[in-house]
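*Asks:* The structure's right below; bear with me while I get my questions together.
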């Protein structure tokens with residue numbers, strides 16, 4: 001898995017609220033990745049963190065889309081579709097029952113896909 005990037009000013013979208021959300025989401029990704037690498041990706045607590053992450057992603061994507069529309073900008077259709085699929089994948093992972101078999105490699109892949117299509 002590639003490492004999760006640290007925030008830099010080059011990632012800024014020139015909106016303090018969205019930039020703060022990006023920082024928070026990257027830190028959550030880093031924390032989830034750490035749990036996956038250390039074998040701590042088990043049980044209800046981890047599932048709840050994934051659920052919170054998915055919820056914040058959806059809120060952020062909506063806020064970012066609104067901010068872009070207010071600026072008269074829009075993401076290309078293909079990128080919007082890729083981002084939407086990456087979000088749905090994370091939501092599906094978060095919605096999985098903790099009693100179901102969990103594939104940490106797939107979870108890491110999903111985190112990286114979201115980051116790839118978002119930054």
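*Asks:* Strictly greater than 21 Å: what percent of every Cα pair in the chain meets that?
*Replies:* Pairs farther apart than 21 Å: 37 percent.
*Asks:* Still on this model: Based on other C-beta atoms within 10 Å, arrange 32, 23 from fewest to most.
*Replies:* 23, 32
*Asks:* Compute the length gained on full extension between residue 67 and residue 9: take 0.36 nm times their separation in residues and subtract their Cα-Cα distance, giving the result in nm to one decimal.
*Replies:* 19.0 nm
*Asks:* Please build a GNM for the chain, connecting alpha carbons under 10 Å apart, and tell me which residue among 88, 80, 71 fluctuates the most.
*Replies:* 71
*Asks:* May I ask for the angle, rounded to the nearest 10°, between helix 104-118 and the longest principal axis of the chain, with both axes built from Cα atoms and the value confined to 0 to 90°?
*Replies:* Tilt of helix 104-118: around 0 degrees.
*Asks:* Helix 77-94 sits at what angle to the longest principal axis of the chain, using alpha carbons and giving 0 to 90 degrees rounded to 10?
*Replies:* 30
*Asks:* Okay, moving on. Please give, to one decimal in nm, the separation of the simple spin-label points placed at residue 103 and residue 77, each 7 Å out from Cα toward the Cβ.
*Replies:* With each label placed 7 Å out from Cα toward Cβ, I get 3.1 nm.
*Asks:* Using Cβ counts within 10 Å as a stand-in for footprinting exposure, how do 12, 99 rank, fewest first?
*Replies:* Result, fewest neighbours first: 99, 12.
*Asks:* Let me ask something additional. What value, in deg cm²/dmol to 500, does the helix sum -39500 (n - 2.57) over DSSP H runs of n ≥ 4 give at 222 nm once divided by the residues of the chain?
*Replies:* -24000 deg cm²/dmol
*Asks:* State, as an integer percentage, the relative contact order of the chain based on alpha-carbon contacts under 8 Å between residues 6 or more apart.
*Replies:* 34
Where a number appears in this text, it was derived from the coordinates with a stated rule and is not lab data. Everything quoted here is computed from the prediction, not taken from an experiment. Cβ coordinates were reconstructed from backbone atoms using ideal geometry, including for glycine residues, and neighbour counts include every protein chain displayed.
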